[in-house]
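These notes concern the structure reproduced below.
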Amino acid sequence: MTELLSSIKKPNDVKAIPEDKLPRLAAEIRKEILLTVSKNGGHLASNLGAVELTIALHRFLTFPEDKLIWDVGHQCYTHKILTGRREAFSTLRREGGLSGFPKREESECDAFDTGHSSTSLSVAAGMAMARDLKGQKNRVVAVIGDGSLSGGMAYEALNNIGRFGTNVIVVLNDNEMSISKNVGGIANYLGHLRMSQGYLNLKNSVERKLNRTNIGGALAKGIKKTKDSIRQIVIPGDFFEEMGLTYFGPVDGHNVAEITMALQAAAKVRGGVLIHVITKKGKGYSFAEAEPCRFHGIEPFRLATGKVREVPEAPSYTSVFGREISRLAMKRPDIVCITAAMASGTGLSEFASDNPGRCFDVGIAEEHAVTFAAGMAASGLRPVVCIYSTFLQRAYDQILHDVCLPKLPVIFAVDRAGIVPHDGETHQGLFDISFLTSIPGMTVLAPSNASELRKMLCYALTIDGPVAIRYPKGSQDSDLEPYDEAPETGHCHEIVRGKDVAVSFVGPMRSTVDVAAELLAKDDIHPTIADARFVAPFDKEWIRGLAGTHKVLVTVEEGVAAGGYGTAVAAWVEEQGLPLRVSVISAPDGFLAHGSREELIRRCGLDAETIADRIRGLL
């Protein structure tokens, strides 16, 4: 049997596939996604659930003229395959290969670079308005998940789409909500009725004729009120209608013909339209269907069993945090944890199970999470906000205005700080040092191992003010000896005393610096090495003590130089007029594309060999 996928070489080729062969095409695409993700890792459940939806969208739209905006973008694999990137799909998430998210650099069919949630509707509104102003006629479609609708920005956009009256099609990909048979059956029937051309023609014709006279206009309003009252009972789309959008659905998100009919009907409606499609995460792969959360973003795994290929020997920083905060909560009833749709990803599953009334998942709403925590802190609790570094960026104003300004004791557990492999620019944690240390009163710590993370959590609970603890994705180095002393505000830990050159590292760079020191020892260079521990406030007395005995201080951190730890140290040394040269080793100022951790470390010049070479050059 000839493979259907092999006939899709470029955008819009999918339109030539006969309708009766589309189920087979969907099966081939799922196989392609499974094979690639099982080898490379990636977002699986969301992509398996959006195959038929994407096929329907590609048969409806014409690329690249029409614009398709994916919210988050972690369901775009089928879109990449259908737009001429099938041959390169095996390079997904590998260095120099395809990104796991939409990227305009890759293809003109990718309308917008995305990676964060709840942005698609604002982008679509902007593109539609630009289209109208330029007198163009292309279609604009945004696909947003039910999870992304928990973000406030989505409602800001919906409010304006309805107000502007521009033609935008919003596809609500609902893969969590179950619709009961009695309500779902009626809603489906009325959804089909309202999508039919005959109904639309009749509706528009009747309204036009009735509105020609005052009596008819009043009658039309009465009919509309009656219709709206009935719709509130049987159709779950009244909220969107009230915001000025026409609601279609629910629609079977795994039925290409049904989705296509809804899209064609939506194209005939003036103004914003929302099509509500129901899909199943992990569709077609039993393990992903049973555990969609585990298969949301997964490392390389075995297809036959669904088991991850390589299980790390040492526990991850995330799991260490989860266990420690659960232990502390047993002694401290005032501890509460808050996360933004990442309870499992941030290690809170155990805490949530043990303390169901003290764990709050607020959905994809980072801004609300922070101010919600501020309210709790102002009321005497000790909130711990657990959010990935890349997503915490979204709440900068709330951290500054609602937490730091009133000096509230909120603890930020900043997961995935530093270099994050495979997901690319949108998910790197390279900016949290810069934006957190720019805020007065914020204490920022970085553990170099599990023991340090546990100690820093205990320390943070003693501080009457905001504290952030940043730690990376992945396993901690279990071979490192723990420090004896507990963290003391603004004090580093000197590991070894040397001469001429000193190295102060941030967080998990300890093993790398140790290897660099071994390489330097071969050239009879023996640096003083210290774990910064505190990024802010940093240890000024230790640095002052280096002046006169050391020529150079080298700082090493997984973060950008601009506003980073090393830059702050260098500025202070210059201000104090100390006879000490400061050299900053950091990630380059810019955005870091995807690759493995090892590849990205080398690309940033943060590997042991490069660090040793830099120090040799300085001396």
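Just so you know, all these numbers are worked out from the coordinates, no wet-lab data involved. Fair warning: this is a prediction, and the values are worked out from it, not measured in the lab. Note: ideal-geometry Cβ built from the backbone for every residue, glycine included; neighbour counts use all protein chains shown.
What's the FRET efficiency of residue 90 with residue 500 using the Cβ-Cβ distance as r and R₀ = 51 Å, to the nearest 0.05?
The pair residue 90/residue 500 has a calculated efficiency of 0.55.
Computed from the C-beta positions of residue 24 and residue 547 and an R0 of 60 Å, the FRET efficiency is 0.25 to the nearest 0.05. One decimal place: the segment residue 610-residue 257 gains 121.4 nm when fully extended, by the rule 0.36 nm per residue minus the C-alpha distance.
Calculated from the alpha-carbon coordinates, the range 1-47 shows an Rg and a Dmax of 12.0, 32 Å respectively. Restricting attention to the range 317-470, close to 5% of DSSP beta bridges with both partner residues there are antiparallel. In the range 549-619, the convex hull through the Cα atoms has an average projected area of 5.1 nm², a quarter of its surface area.
For the range 493-618, the share of DSSP beta bridges that are antiparallel, to the nearest 5, is 15%. Mind pulling the angle between the C-alpha long axis of helix 197-210 and the longest principal axis of the chain? Nearest 10 degrees, somewhere in 0 to 90. Relative to the chain, helix 197-210 is tipped by roughly 70 degrees.
Rounding to the nearest 10 and keeping the result within 0 to 90°, find how far the Cα-based axis of helix 152-164 lies from the longest principal axis of the chain. Result, in degrees: 40.
Between residue 290 and residue 104, the contour length at 0.36 nm per residue exceeds the alpha carbon distance by 63.6 nm. Put simply, the range 408-527 fits an ellipsoid with semi-axes of 26, 19, 14 Å; these come from the alpha carbon gyration tensor as the roots of five times its eigenvalues, largest first.
Around the amide H of residue 445, modelled in the peptide plane, lie the amide H atoms of 468, 469, 470, 535, all under 5 Å away and 5 or more residues distant in sequence or on another chain. With q set to 0.08, 0.10, 0.12 Å⁻¹, the log10 of I(q)/I(0) for the range 317-470, from the Debye formula over equal scatterers at the Cα positions, is -0.18, -0.29, -0.42. Based on Cα atoms of the range 73-131, Rg over Rh with Rh as the Kirkwood radius reads 1.01. How high is the relative contact order of the chain? Use alpha-carbon pairs under 8 Å, at least six apart in sequence, and give a whole percent. The value is 11 percent. Relative contact order, whole percent, for the range 555-619 stands at 32, derived from Cα pairs under 8 Å and 6 or more residues apart.
Take every DSSP beta bridge with both residues inside the chain and express the antiparallel ones as a percent of the total, to the nearest 5.
On the way: 9 of 66 bridges.
If we restrict to bridges inside the chain, about 15 percent are antiparallel.
Diffusion coefficient (Stokes-Einstein, Kirkwood radius over C-alpha pairs, 37 °C, 0.692 mPa s) for the range 31-71: 281 µm²/s, rounded to a whole number.
Give me the extension gain from residue 378 to residue 515: residue separation times 0.36 nm, minus the current Cα-Cα distance, reported in nm with one decimal.
Answer, rounded to one decimal: 44.8 nm.
With contacts taken as Cα pairs under 8 Å at a separation of at least 6 residues, the range 317-470 carries a relative contact order of 23 percent. Sequence-ordered 3J(HN,Hα) estimates for the range 247-252 from the Karplus curve with 6.51, -1.76 and 1.60 and θ = phi - 60° stand at 9, 10, x, x, 10, 5 Hz, glycine and proline given as x. The coefficient of translational diffusion for the chain, derived via Stokes-Einstein from the alpha carbon Kirkwood radius under 20 °C and 1.002 mPa s, stands at 80 µm²/s.
Put simply, the C-alpha atoms of the range 493-618 give a gyration tensor, and the ellipsoid matching it has half-axes of 22, 18, 12 Å, longest first. The distance separating the Cα centre of the range 332-346 from that of the range 1-64 comes to 38 Å.
The order of the peptides 399-405, 67-73 by mean Cβ neighbours within 10 Å, most packed first, is 67-73, 399-405.
Taking the number of other C-beta atoms within 10 Å as the exposure measure, put 168, 535 in order starting with the fewest. Can you show the working numbers first?
Numbers: 168 29, 535 25.
Ranked by crowding around the Cβ, least crowded first: 535, 168.
Seen against the Cα atoms of the chain and their longest principal axis, helix 450-460 is set at about 80 degrees. Under the simplified labelling scheme, the residue 323-residue 407 pair shows an inter-label distance of 3.7 nm, with each label point 7 Å from Cα along Cα→Cβ.
Taking amide H positions as modeled 1.01 Å from N, with prolines and chain starts lacking one, the residues under 5 Å from residue 498 and 5 or more places away or on another chain are 528, 529. Residue by residue, the range 106-114 carries 3J(HN,Hα) couplings of 6, 7, 6, 7, 8, 6, 7, 6, 9 Hz when phi is fed to the Karplus relation 6.51 cos²θ - 1.76 cosθ + 1.60 (θ = phi - 60°); x denotes Gly or Pro. Working note: Karplus 6.51/-1.76/1.60 with θ = phi - 60° gives the range 311-317 the couplings 9, x, 6, 8, x, 7, 4 Hz, where Gly and Pro are set to x. Close amide H pairs (under 5 Å, H built 1.01 Å from N) link residue 246 with 272, 273, 274, residues at least 5 positions away or on another chain.
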